[in-house]
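The next block holds one structure in the form of structure tokens; read it before the comments.
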Amino acid sequence: MAEKHFSPSGLAAQAVVEDEDESYVDFNYDEPGSLPGTLDLEADAPPPIIVLIDYNEAKATRVEVQTPEACLPYLDTESVSWVDVLGLGNEDIWRRMGQVFNLHPLVLEDVVNVPQRPKVEDVDSQLVIIARMVMPKESGFGFYSEQVSFVLGKYYLLTVQEEPERDCFQPVRDRIRANKGTIRQRGADYLACTLLDAIIDGFFPVLETYGERIEELEDEVVLNPTRRTLEKIYQIKRELLALRRAIWPQRDAINSLIRDGSNLISPDVRIYLRDCYDHAVQVMDIVETYRELASGLMDVYLSSVSNKMNEVMKLLTVISSIFIPLTFIAGVYGMNFNTEKSPWNMPELNWYWGYPLCWAVMIATAGSLVYFFWRRGWFDNISTIKED
């Protein structure tokens, strides 16, 4: 076990390829008949990366430990020890982790069997917080979502991240390293509150991308709605539902921390939790607003498609109305009666100017109908179809 300079650059791990058909409404459930506390992990999974940050007002030390037992010397000190586990790993590691941190089997189950519903539980002398962290994807469409578990003790905080590639805790690490603010003068409860606030604030960049996408869809729905537009609206509604399922119980969990309290949360830290709760409520309001806008876009889409179809039908009606009298005239003079048998058998067929006169009548009839429709304003409505 070697100490290293405080830098999260050593946390690099191989990126996991994200499935484009990622399920945003996934949930964990136990197999029927399974025992409580059963861990759902692969036996041959690689061990997680365990990063321990031990700090007090005077200094901060970052250590990458190789085994859970290496954390024991830091847990007995009065300095704050932040044990950050990156990745879930295998069952053997977590059985040993449970012994080191004295974790209840049901706590291990909630931490390892993901995803769980965000919640807060006071178990023995520990406070367990299950949270949901989201981050925008590099493409700007969709978001990454993973579970982050907190186990708060008197002098330590254990955090477990589902994926090791990304998180929103870098500003907190930088504040500890540079000793900015009051984080190094406070306890582990303030660290947990700070990380929880960072998770809540991480929703805002994601929501910002959805605000931009909804604005673009509003223009697309009004100007040129297509089948692809309908798919985009459905996708946004589905993703916003996943955001709602992530922030709603998270807001309730923070509220329960404020309302019920805990021996591990000091009164002054509870004030910071109120600010965190306000941010969660704000995120919830934005999500609900965007969901209503997305539902409204569906109605606007149906109206736009119906209006576009009406304009097309009106255009076809105008064209048909113009050609109906012309077709009648051409049909009458296409009957080919024999004028030698009777002077009443279409004498116009023998006129010297009969053909030009027929064209003049048809052009005059079509022009009269076009002028009539123009005066009624039909062509003003039809012109919007050409813009689409």
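Tabulated data
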read-out	value
Environment charge at Asp167 (Cβ cut-off 11 Å; Lys +1, Arg +1, Asp -1, Glu -1)	-3
Residue-count net charge about Asp122 - beta-carbon cut-off 15 Å; Lys, Arg +1, Asp, Glu -1	-1
Packing-based order for 238-248, 121-131, using average beta carbon neighbours within 10 Å, highest first	238-248, 121-131
Percentage relative contact order, the chain, counting C-alpha pairs under 8 Å, at least six apart	13 percent
Spatially proximal lysines relative to Lys137 (Cα-Cα < 25 Å; intrachain offsets below 8 disregarded)	Lys232, Lys237
Kirkwood hydrodynamic radius of segment 306-387, Cα pairs, Å	15.1 Å
Local net charge near Glu91, Cβ-Cβ under 14 Å (Lys/Arg +1, Asp/Glu -1)	-3
Dimensionless Rg over Rh [the chain; C-alpha; Kirkwood]	1.35
Packing-based exposure ordering (other Cβ within 10 Å, fewest first) of Tyr144, Tyr210	Tyr144, Tyr210
Rounded Å value of the spacing that divides the Cα centres of segment 126-183 and segment 304-365	77 Å
Segment 306-387, relative contact order in percent, only Cα pairs under 8 angstrom and at least six apart counted	43 percent
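No lab work stands behind these numbers, since they all come straight from the coordinates. Being a predicted model, the structure only gives us computed values, none of them experimental. Backbone-built Cβ (ideal geometry, glycine too); neighbour counts: all protein chains shown.
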